[in-house]
Amino acid sequence: MGSLVNRDGARELREEVVSVVADRGNELTTAILQHFDAIHSIEEVNDNDIEKLLLTDELDGLNSDTRKLGFQRGLVTFSPSSAYKCERELYYKNKRVEAAFVDRFPYQRRWTRNGSAVHRAVQRDLLYAETQLDSPQFTVVRTKTTNRPAWEKNIRQVRQFEHNGQRFQLYGMMDGVLLYQPDGSKIGFEFKTKSSTIGAIGSYRLKDAQEDHKEQCIAYSLLFGLNEFLIVYESLAKDSWTKGAEAKPDMRAFYLKVTDEDRNRLLDKFAVVAQKCYANEIPAAMIEKCFFCLYKPHCHRMNEQVAA
């Protein structure tokens with residue numbers, strides 16, 4: 001009887017936790033979408049201070065000097081954007097194996113160019129919302145030493161870890177850290193674009209944030225000490241101009257609460273890759289992650305050698 005009661009109590013606790021996370025997620029995702037709609041519902045007045053700040057950020061972003069960040073020589077290094085990648089790809093990257101050239105069609109290059117431009121526009125939106133909305137639901141956190149917006153190279157950093165007997169380091173930067181005004185919480189902000197059709201962010205095709213984007217946020221959690229994240233998707237394809245209020249939504253938002261279990265799972269993966277890097281043991285390949293891998297020729301040659 002006692003074990004049955006314990007199981008029932010544990011189940012009720014899990015359900016309560018899930019409910020709390022869902023409520024919090026609904027609150028924050030609704031708030032961020034309303035926030036962007038609000039800034040795009042007014043006629044913005046040009047703000048020279050904000051424009052100068054953005055230009056200064058771009059100039060500072062040209063500085064690639066990482067000597068003061070605290071890199072430790074000889075340590076295997078990972079980045080948040082590669083957290084979801086195949087262990088073999090992470091191995092090749094750390095071993096500085098030559099990556100394959102990516103042959104893209106012109107329209108594909110314009111695709112990525114447009115996504116980068118919208119990223120910059122979203123940063124501008126966030127700063128303008130602070131000063132031009134009567135009650136902005138989010139503001140951009142500022143860095144302590146330089147009072148710069150907490151995003152991109154303004155907050156890039158390196159952090160060393162020792163996990164499962166392996167030492168390695170994590171290096172990266174993120175799209176932003178927002179302050180949620182109603183309760184003062186710091187929320188990690190990750191912005192992604194979809195370029196094919198507006199249906200790409202519809203509820204039928206995009207039921208949740210992509211797994212690789214979740215893993216990226218878990219890595220950010222390790223690097224920046226954040227537990228809550230908003231992953232916002234914008235479709236670069238829009239509905240017909242004449243649809244007006246009936247237009248399909250062009251933005252979706254998802255909430256992620258990172259747990260200790262999430263962080264430990266990612267650290268386990270990094271530790272496995274680090275061990276193999278130090279021992280010069282090539283990890284097994286994950287075929288389902290080959291599509292965007294830049295090291296496929298090396299994998300193919302290895303498979304041919306094994307088959308022979």
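The values are calculated or read from the model by the stated rules, or taken from the named source; none is laboratory data. Predicted model only: the values in this text are computed from it and were never measured. Glycine gets a Cβ as well: all are built from the backbone with ideal geometry, and neighbour counts include every protein chain shown. Heads up: the accessible areas ignore ligands, DNA and RNA and are worked out on the full protein's heavy atoms, side chains in. Shrake-Rupley method; radii C 1.70, N 1.55, O 1.52, S 1.80 Å.
Assorted remarks:
- Heavy-atom accessible surface of segment 88-223: percent carbon and sulfur, 1.4 Å: 47
- Residues of the chain were split at every exposed loop site, defined as trypsin sites (Lys or Arg not before Pro) in a DSSP loop with at most 16 other C-beta atoms within 10 angstrom, and the longest piece left, sites excluded, is 239-308.
- Highest mobility in the GNM of the chain, judged by mean-square fluctuation with C-alpha springs under 10 Å and restricted to Y204, Y91, Y128, is found for Y204.
- Net length gained if the chain between T242 and T259 were fully extended (0.36 nm per residue, minus Cα distance): 1.7 nm
- Measuring nothing but alpha carbons in the chain and taking Rh as the Kirkwood radius, the Rg to Rh ratio lands at 0.99.
- Tensor-based shape of segment 121-254 (alpha-carbon gyration tensor, a/c under 1.5 rounded, otherwise prolate or oblate): oblate
- Å² per residue, accessible surface of segment 113-257 at 1.4 Å: 47
- Square roots of five times the Cα gyration tensor eigenvalues for segment 41-139, Å: 36, 20, 14
- Anisotropy class of segment 224-308 from Cα gyration tensor, a/c 1.5 cut: oblate
- Extension gain, Q181-T56: 0.36 nm per intervening residue step, less the Cα-Cα distance, totals 42.4 nm.
- Linear extension gain, S196 paired with Y107, 0.36 nm per residue minus alpha-carbon span: 30.9 nm
- A simple charge model with +1 on the Cβ of Lys and Arg, -1 on the Cβ of Asp and Glu and nothing else charged puts the dipole of the chain at about 1420 debye relative to its Cα centre.
- Cα gyration tensor, segment 48-90 - rounded (a/c under 1.5), prolate or oblate: oblate
- One quarter of the convex hull surface built on the alpha carbon atoms of segment 61-114 amounts to 5.9 nm², the projected area averaged over directions.
- For the chain, excluding the exposed loop sites themselves (GluC sites (Glu not before Pro), DSSP loop, at most 13 other Cβ atoms within 10 Å), the longest remaining stretch covers 99-280.
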